[in-house]
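For reference, the structure is listed below as structure tokens.
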Protein chains: 4
Amino acid sequence: MNVVAVVGNPKPASRTRAAAELVAERLTGTPPTTVIELAELGPALLEAGDPAVAAAKRSVIDADLVVFASPTYKATYTGLLKLFLEQFAAGELHGTTAVALMLGAAPQHALAGELTLKPVLSEIGCSCPTPALFLLESAWDAGPDLDAWVERARDVLRIEPRDGW
Amino acid sequence: MNVVAVVGNPKPASRTRAAAELVAERLTGTPPTTVIELAELGPALLEAGDPAVAAAKRSVIDADLVVFASPTYKATYTGLLKLFLEQFAAGELHGTTAVALMLGAAPQHALAGELTLKPVLSEIGCSCPTPALFLLESAWDAGPDLDAWVERARDVLRIEPRDGW
Amino acid sequence: MNVVAVVGNPKPASRTRAAAELVAERLTGTPPTTVIELAELGPALLEAGDPAVAAAKRSVIDADLVVFASPTYKATYTGLLKLFLEQFAAGELHGTTAVALMLGAAPQHALAGELTLKPVLSEIGCSCPTPALFLLESAWDAGPDLDAWVERARDVLRIEPRDGW
Amino acid sequence: MNVVAVVGNPKPASRTRAAAELVAERLTGTPPTTVIELAELGPALLEAGDPAVAAAKRSVIDADLVVFASPTYKATYTGLLKLFLEQFAAGELHGTTAVALMLGAAPQHALAGELTLKPVLSEIGCSCPTPALFLLESAWDAGPDLDAWVERARDVLRIEPRDGW
């Protein structure tokens, strides 16, 4: 299973990245095939025809499952992530299953993934069959929210549990 | 395949109903198993413990696929539909696949299904893997929007085409 | 100043009502002129031409400021409140200033007022110059959230503080 | 009256800019005091401490009225605009009145301003008393939508008509 994590945090090596990797691994039993750190693309996302952006885009198109991960900035996903999503034509990701993952400093923004990130993913063609996942930055790698979500999401995505899970 | 259409139009025998039936049939090759006309439940939705409401709720829980259909009132789904959705606990419809269908008088409200109806369906546990479908009231049963959506939705829902489709 | 509180809780005498009254009083220095308990209108909201509904609608049209208050059901405002909002034509409340107030059991739904209730109020013509206010049911009448919001909202609404506030 | 237009189109000298200038002029009778072309800031928005970004931010803080304008990309405002909005702390623009303006190729995305842009402006503290304005790219400078919106918005913003309007 070709799983890609897209990390929309302007700072590299973020908890957003770690959480995206964890979610991919918890869902499928293995780490993501590819991690796209949008922080590394940076200004190239504002230009046309950058080869690194094209390669990142290709990875997403070829994926079976994409975890789109973002910190919560101003009650929604980051502008950096949006710049990347704008690389895709409307409907271009038809056939790609996606998960919306957001991290936030406080629970008050927990609805942001469902109400703001999933609609954009849908617009570019992704299928988002699971609820968006919101994790507190202070407890992103633990807690009942993650466990409960993983169990339900695996069921919806029809991913079989593996030994050890 | 047990398919249920939930019709949130306050007037019975509406185009909303006809469109919900058409969408179910276009998706699966057969009419919906059950059509729930919320207009017939009416005030019972404001009470606790009404047996007709309980039966409608049971039909939805038992369905493999539910088409939730609503006209667009004030740029979103109807209060009547919301009263019915409130009968379900958060997450209660886990395991149910749902389609959000809205009809509107003008294209200006086309985003309402994606931005307002799908999040509520997700909250009660439904999986909504397809984009919301918005149909103009004046052309609900024809037009390229419906055809293109059906083709993509069948693909996402992994429903095999039948003879004659 | 003619201030109306519209209470969208299906149960009368709710904390939603108490919070709406408190917000009106904190904003203006006096209790609301009129409180509309939608729970008392109930099934009449599903009919056309009910005189009690017409009177409630008239009160809202005549108000200078309306506090629309709802508990959070399924991550958004109630169907009961939506039934009342559907009584108004698009833009009919032009000239009316409105405040969106939601109460919820947990902070996870704090964005619901801003993302779901304010857009409907805008559709029927209300001007919503303040942020939506979300109050925890367990602490609706106290806490820094309310105080901070009141101070800012009075400033935005250009309401002068009175003695005692 | 100090009016600033913030233009979130990645291409400079866009119809988005022209529309933002027109809206400012139609509202107040004079062109905007300052136009901020985010396309000119570009990659600087991805860095910390850029002086041109700081100057743009200062212009917005000092404004009486800000027109935030964006083309519709993937059914919502641009990532470029979001990068700029992220420069402000939550609530930092308290006291600033803002207008949300979006241009789109087709009417299907007309709700994007109300449902996606206004909530972000509210998060950073702006007061958005008017409905969002959506203009078709093909008719941005004419048509009844603009005229009707201007008339209502001036009323809500309490701007007196001048001779010639």
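Filtered by the rule that a residue be in contact with a strand residue (DSSP E or B) (Cβ under 6 Å, 6 or more places away or on another chain) and either within 14 Å of chain D (Cβ to nearest Cβ) or farther than 16 Å from A:Arg58 by Cβ (or both), the range A:22-37 gives A:Val23, A:Ala24, A:Thr28, A:Glu37. The single condition among (1) touching an Asp or Glu at 6+ places or on another chain (Cβ under 9 Å); (2) more than 14 Å from chain A (Cβ to nearest Cβ); (3) surrounded by fewer than 23 Cβ atoms within 10 Å (Cβ to Cβ); (4) modelled with pLDDT of 95 or more that D:Gly104 does not meet is (2). Just a yes or no: is a residue in the range B:13-30 more than 14 Å from the chain's Cα centre (by Cα) and in a helix (DSSP H, G or I)? Within the range B:13-30 (the criterion being more than 14 Å from the chain's Cα centre (by Cα) and in a helix (DSSP H, G or I)), the answer is yes, since at least one residue qualifies. Taking B:Lys118 as meeting all but one of (1) more than 8 Å from every other protein chain (Cβ to nearest Cβ); (2) crowded, with 21+ Cβ neighbours inside 10 Å, write down the number of the exception. With (1) more than 8 Å from every other protein chain (Cβ to nearest Cβ); (2) crowded, with 21+ Cβ neighbours inside 10 Å applied to B:Lys118, the lone miss is (1).
To keep it simple, each residue is scored yes or no on (1) more than 13 Å from C:Phe134 (Cα to Cα); (2) of a type in the set (A, V, I, L, M, F, W, C).
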{"site": "C:Pro51", "(1), (2)": "yes, no"}
{"site": "C:Ala54", "(1), (2)": "yes, yes"}
{"site": "C:Arg58", "(1), (2)": "yes, no"}
{"site": "C:Asp62", "(1), (2)": "yes, no"}
{"site": "C:Tyr77", "(1), (2)": "no, no"}
{"site": "C:Gly91", "(1), (2)": "yes, no"}
{"site": "C:Pro107", "(1), (2)": "no, no"}
{"site": "C:Ala110", "(1), (2)": "no, yes"}
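Let's see how each residue does on (1) facing another protein chain (nearest Cβ under 7 Å); (2) modelled with pLDDT under 95; (3) buried (at least 22 other Cβ atoms within 10 Å of the Cβ); (4) within 17 Å of B:Ser127 (Cβ to Cβ):
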{"residue": "A:Ala54", "(1), (2), (3), (4)": "no, no, no, no"}
{"residue": "A:Ile61", "(1), (2), (3), (4)": "no, no, no, no"}
{"residue": "A:Ala69", "(1), (2), (3), (4)": "no, no, yes, no"}
{"residue": "A:Gly79", "(1), (2), (3), (4)": "yes, no, yes, no"}
{"residue": "A:Gly91", "(1), (2), (3), (4)": "no, no, no, no"}
{"residue": "A:Ala139", "(1), (2), (3), (4)": "no, yes, no, no"}
{"residue": "A:Ile159", "(1), (2), (3), (4)": "no, yes, no, yes"}
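For the range D:59-70, the criterion of being more than 20 Å from D:Lys118 (Cα to Cα) and either of a type in the set (A, V, I, L, M) or in a strand (DSSP E or B) (or both) is met by no residue. Does B:Gly49 qualify as being part of a loop (DSSP other than H, G, I, E, B), free of Cβ contacts under 8 Å to residues at least 12 places away in the same chain and more than 11 Å from chain C (Cβ to nearest Cβ)? When the stated conditions are applied, B:Gly49 passes them. If A:Arg15 satisfies every condition in (1) under 21 Å from D:Leu45 (Cα atoms); (2) charged (D, E, K, R); (3) touching a helix residue (DSSP H, G or I) at 6+ places or on another chain (Cβ under 7 Å) but one, which is the exception? Of (1) under 21 Å from D:Leu45 (Cα atoms); (2) charged (D, E, K, R); (3) touching a helix residue (DSSP H, G or I) at 6+ places or on another chain (Cβ under 7 Å), only one is false for A:Arg15: (1). Across the range B:1-30, the number of residues qualifying as under 16 Å from B:Thr97 (Cα atoms), surrounded by fewer than 17 Cβ atoms within 10 Å (Cβ to Cβ) and of a type in the set (A, V, I, L, M, F, W, C) comes to 1. Scanning the range C:31-52 for residues that are surrounded by 17 or more Cβ atoms within 10 Å (Cβ to Cβ) and of a type in the set (A, V, I, L, M) yields C:Val35, C:Ile36, C:Leu38, C:Ala39, C:Leu41, C:Ala44, C:Leu45, C:Leu46.
Yes/no matrix, rows are residues, columns are (1) without any contact (Cβ under 8 Å) to a residue 40 or more places away in the chain; (2) touching a His at 6+ places or on another chain (Cβ under 9 Å); (3) within 19 Å of A:Ile159 (Cβ to Cβ):
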{"residue": "A:Ala5", "(1), (2), (3)": "no, no, yes"}
{"residue": "A:Asn9", "(1), (2), (3)": "no, no, no"}
{"residue": "A:Ser14", "(1), (2), (3)": "no, no, no"}
{"residue": "A:Arg17", "(1), (2), (3)": "no, no, no"}
{"residue": "A:Glu25", "(1), (2), (3)": "yes, no, yes"}
{"residue": "A:Pro31", "(1), (2), (3)": "yes, no, yes"}
{"residue": "A:Thr34", "(1), (2), (3)": "yes, no, yes"}
{"residue": "A:Leu38", "(1), (2), (3)": "no, no, no"}
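Any residue that is out of contact with any strand residue (DSSP E or B) (no Cβ under 9 Å at 6 or more places or on another chain) and in contact (Cβ under 8 Å) with a residue 12 or more places away in the chain - is there at least one of those in the range C:92-113? For the range C:92-113, residues out of contact with any strand residue (DSSP E or B) (no Cβ under 9 Å at 6 or more places or on another chain) and in contact (Cβ under 8 Å) with a residue 12 or more places away in the chain: present.
The values are calculated or read from the model by the stated rules, or taken from the named source; none is laboratory data. Note that the structure is a prediction, hence the values are computed from the model and not measured. Virtual Cβ from ideal backbone geometry, glycine too; neighbours counted across all protein chains shown.
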